[in-house]
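Participant: Got a structure for you, questions after.
Taken together, the values in this text are just the output of simple stated rules run on the coordinates, not laboratory data. None of the values given here were measured: they were computed from a predicted structure. Cβ placement follows ideal geometry from the backbone for every residue including glycine, while neighbour counts extend to all protein chains displayed.
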Amino acid sequence: MLCSDGTKKLSFGGSIKDGDLVIVYEKRDVMKAVKVSETSVLQNRFGVFKHSDWIGKPFGSKVLSNKGGYVYLLAPTPELWTLVLSHRTQILYIADISFLITYLEIVPGSLVLESGTGSGSLTTSLARAVAPTGHVYTFDFHQQRAASAREDFQSTGVDSLVTVGVRDIQGEGFPDEYSGLADSVFLDLPQPWLAVPSAGKMLKLDGTLEIFGHLRCSFGHLKFMKGK
Amino acid sequence: MDECRDNRALVDNNEAQTLTSEDIDEMRRQGVKGDEIIEALISNSATYEKKTAFSQEKYRIKKQKKYAPRVLLRRPSARSICEAYFKKYPHRIGFLRVDALSLLLSLANVTANSDILLVDMVGGLLTGAVAERLGAGTGYVCNTYLGSSPYPVDMVRTFNFDNEICKRIVRAPLRDLCLDQTGTSEKPDACNAELNVGTSEKPDASNAELNGQTSSISMEEMSLPSNHEAADSETTVSPQSKMGKTPKAGEKASEEAIKSWKENGFSSLIIAAPDADAWSLAKDLLPLLSYSAPFAIYHQYLQPLATCMHNLQQGKMAIGLQISEPWLREYQVLPSRTHPLMQMSAFGGYILSGTKICSCS
């Protein structure tokens, strides 16, 4: 999905290879993430599609089924991923994600702390924003969800930019090793105020903190000045 | 907290404050601090104690703004620059509100090491915001324009970019990007057309003539600059570094870069051109994108985008097309006083987004 290798450029000019993640587009609201495999097929209402037909074609191609129906194969982006990922929790969508990232003033190279990881929707976009030299440390207190998130980040190829930790941020705060190093902290927790003091410790001078509240759709935005 | 006070006995006759403006000026001359002036105003107010706690807080904050203002100095960012312009000079940025700007950056998958094609007619705000997310490294933000003069992008300077990022911001006229590699012109008419912004429109007949003439002129222009630019960039880089001048953002794109874009395509496209027609720009720019590249087009008004969307669908040029209208509501957040602000911006424009597809099958 992203180029963490500084010598390569993000370009969809490459063709689909065995093992790539593609987004299968049937129509605007019917899309699915599929891992391409030489021997697999995709079956849907348009017919049977052999993955082997896809290999070597450029992303963005239209591919046909045995019945003559078609789908499009798109290269994954964080936006498309948000629309196709499996929901283990309520997720954030593009409108909020885009706004958050601008408000958090995240740029390439930033160090971002996030809690909770949830289904990794925002996390994937954060990874894009900090690439290639930054990093996202994300925490969730649910062991299995953390593991699923790690798997997703591997499939989408952002795992070099994201580290998932299992930790109760409300109860324990962020780990001390990041004290004073974070450019931004994002909290999406049931009781975010419990984590605010720890967030304050983690932030650099002029770092940004954002707290998201699903229920009231309210958005608290605070800036921290160390020493005040 | 129980509040037993109310304002039934408070009369707004301007007689509550016993300190006069001369008294306050005298205090200032004596070097009395802002906070002390505020305390003096409070203790000399006949009605302060009778006010509710919320009202007292409001009063205090009002006085603070006037006598002891506090400012927080922060590094400029896309967000703060956009908000500032939106508040003061929204027409200069085509009424591009910060949430609309954020959506453009996300929908177009702006990230490091990518090549982003822009039509920025919002003063450079878009260019700066994209460059900020592109960062240093490889990849470019390429500003393109119809005709021969680039649109002004002065706002980029407000971002305080360092040299590495400035180098990533380049420009190239549309006709240079449209020519195929052998240099023969298969340019669609629009590549040669001048963009008429607020000036009278040229009749079609003379346009056709102009096209014929300008094709030959731009052919010559192309071969000259290729030598010129190489020399230019060499001579300007070393004296500049000797003199310690920063490279200006928005230099001409190198031949090498243009060639690479023609081979691989741009990885995304963003258009923010309030005075231009979305479809006429889109139809010429979409072919310059890689397959499966996302694009986002901002416009103040819905109709041009609706027309553009329809044409893109008919021409099977893109999928996943959608028009979004971003919505932003600000809240005052205070205990027992959390509510939306009294005024809200109802008009942040619209965004048409989609993904370019391969027309081959």
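Participant: Could you work out, residue by residue across A:107-117, how many beta carbons of other chains sit within 10 Å of that residue's beta carbon, and then give the average as an integer?
Facilitator: Mean partner-chain Cβ count within 10 Å for A:107-117: 2.
Participant: State to the nearest 20 debye the size of the charge dipole of the range A:30-71 about its Cα centre, where the only charges are +1 on K and R beta carbons and -1 on D and E beta carbons.
Facilitator: It works out to roughly 140 debye.
Participant: Can you spot the aspartates and glutamates whose alpha carbon is less than 12 Å from residue A:62's alpha carbon? Ignore those fewer than 8 places along the same chain.
Facilitator: A:26, A:53
Participant: For each pair in B:33/B:58; A:35/B:259; B:58/B:87, compute the distance between the two Cα atoms and list the pairs where it is over 30 Å.
Facilitator: From B:33/B:58; A:35/B:259; B:58/B:87, over 30 Å: A:35/B:259.
Participant: Taking a ≥ b ≥ c as the square roots of the eigenvalues of the Cα gyration tensor of chain A, is the shape rounded (a/c under 1.5), prolate (a/b larger than b/c) or oblate?
Facilitator: Since a/c reaches 1.5 and a/b is larger than b/c, the shape of chain A is classed as prolate.
Participant: Compute the distance in nm between two label points, each set 7 Å from the Cα along the Cα-to-Cβ direction, one at residue B:8 and one at residue A:179.
Facilitator: Between residue B:8 and residue A:179, the simple spin-label model gives 5.6 nm.
Participant: Please give the helix A:121-130 orientation as an angle from the longest Cα principal axis of chain A, in degrees from 0 to 90, rounded to the nearest 10.
Facilitator: Helix A:121-130 sits roughly 80 degrees off the main axis of chain A.
Participant: Counting Lys and Arg as +1 and Asp and Glu as -1, what is the net charge of the other residues whose Cβ lies under 12 Å from the Cβ of residue B:82?
Facilitator: +1
Participant: Consider a paramagnetic label point 7 Å from the Cα of residue A:46 along Cα→Cβ; state which residues of the range B:307-333 have an amide N under 18 Å from it.
Facilitator: B:313-322
Participant: Around residue A:91, which amide H atoms from residues at least 5 apart in sequence, or from another chain, sit under 5 Å from its own amide H, with H modelled in the peptide plane?
Facilitator: none
Participant: Separate question: Using the structure shown, list the pairs from A:32/B:262; B:262/B:356; B:167/B:262 with a Cα-Cα distance above 23 Å, or answer none.
Facilitator: A:32/B:262
Participant: Can you check what the net charge comes to around residue B:298, using other residues whose Cβ is under 12 Å from the Cβ of residue B:298 (Lys, Arg +1; Asp, Glu -1)?
Facilitator: Overall, the nearby charge balance is -2.
Participant: When only DSSP loop residues count, what trypsin sites (Lys or Arg not before Pro) in the range B:59-93 have their Cβ near at most 13 other Cβ atoms within 10 Å?
Facilitator: Of the trypsin sites (Lys or Arg not before Pro), the ones in loops of the range B:59-93 whose Cβ has at most 13 other Cβ atoms within 10 Å are B:70, B:74.
Participant: I would also like to ask the following. Rounding to the nearest 20 debye, state how big the charge dipole of chain A is about its Cα centre with +1 on each Lys and Arg Cβ and -1 on each Asp and Glu Cβ.
Facilitator: The calculation lands at about 620 debye.
Participant: ³J(HN,Hα) across the range B:251-263 via Karplus (A = 6.51, B = -1.76, C = 1.60, θ = phi - 60°), whole Hz, x for Gly/Pro?
Facilitator: 6, 5, 5, 6, 4, 4, 5, 4, 4, 5, 5, 5, 6
Participant: Something else: Pulled fully out, how much extra length does the chain show between residue B:254 and residue B:49, if you take 0.36 nm times their separation in residues and subtract their Cα-Cα distance?
Facilitator: 66.8 nm
Participant: Turning to a different aspect of this structure: Please compute the net charge surrounding residue A:25, taking Lys and Arg as +1 and Asp and Glu as -1 over other residues with Cβ under 12 Å from its Cβ.
Facilitator: +2
Participant: Show the residues, 5+ positions off or on another chain, whose built amide H is closer than 5 Å to the amide H of residue A:207.
Facilitator: For residue A:207, whose amide H was placed from the backbone, the distant partners under 5 Å are A:224.
Participant: Hey, another quick one. Tell me which residues come under 5 Å, amide H to amide H, from residue B:251 once H is placed; ignore anything under 5 positions away on its chain.
Facilitator: Placed amide hydrogens put B:171 under 5 Å from residue B:251.
Participant: Another question about this same structure. Given A:212, A:170, A:15, which one lies farthest toward the positive end of the charge dipole of chain A, if we put +1 on the Cβ of every Lys and Arg and -1 on the Cβ of every Asp and Glu?
Facilitator: Value computed over the given set: A:15.
Participant: Please compute, for peptide A:89-98, the average count of beta-carbon atoms on other protein chains lying within 10 Å of each residue's beta-carbon.
Facilitator: Partner Cβ neighbours, averaged per residue: 3.
Participant: Just to verify a number: FRET efficiency for residue A:90 and residue A:18, C-beta to C-beta distance, R0 = 25 Å, to 0.05?
Facilitator: For residue A:90 and residue A:18, the calculated efficiency is 0.15.
Participant: Report ³J(HN,Hα) in whole Hz for each residue of the range B:119-135, in order, from the Karplus equation J = 6.51 cos²θ - 1.76 cosθ + 1.60 where θ = phi - 60°; Gly and Pro get x.
Facilitator: For the range B:119-135, the Karplus-derived couplings read 10, 10, 10, 10, x, x, 4, 5, 4, x, 5, 5, 4, 4, 8, 7, x Hz, x marking Gly and Pro.
Participant: Another question, if that's okay. Put +1 on the Cβ of every Lys and Arg and -1 on every Asp and Glu Cβ in chain A; which of A:191, A:43, A:78 then has its Cα farthest towards the positive end of the dipole?
Facilitator: A:43
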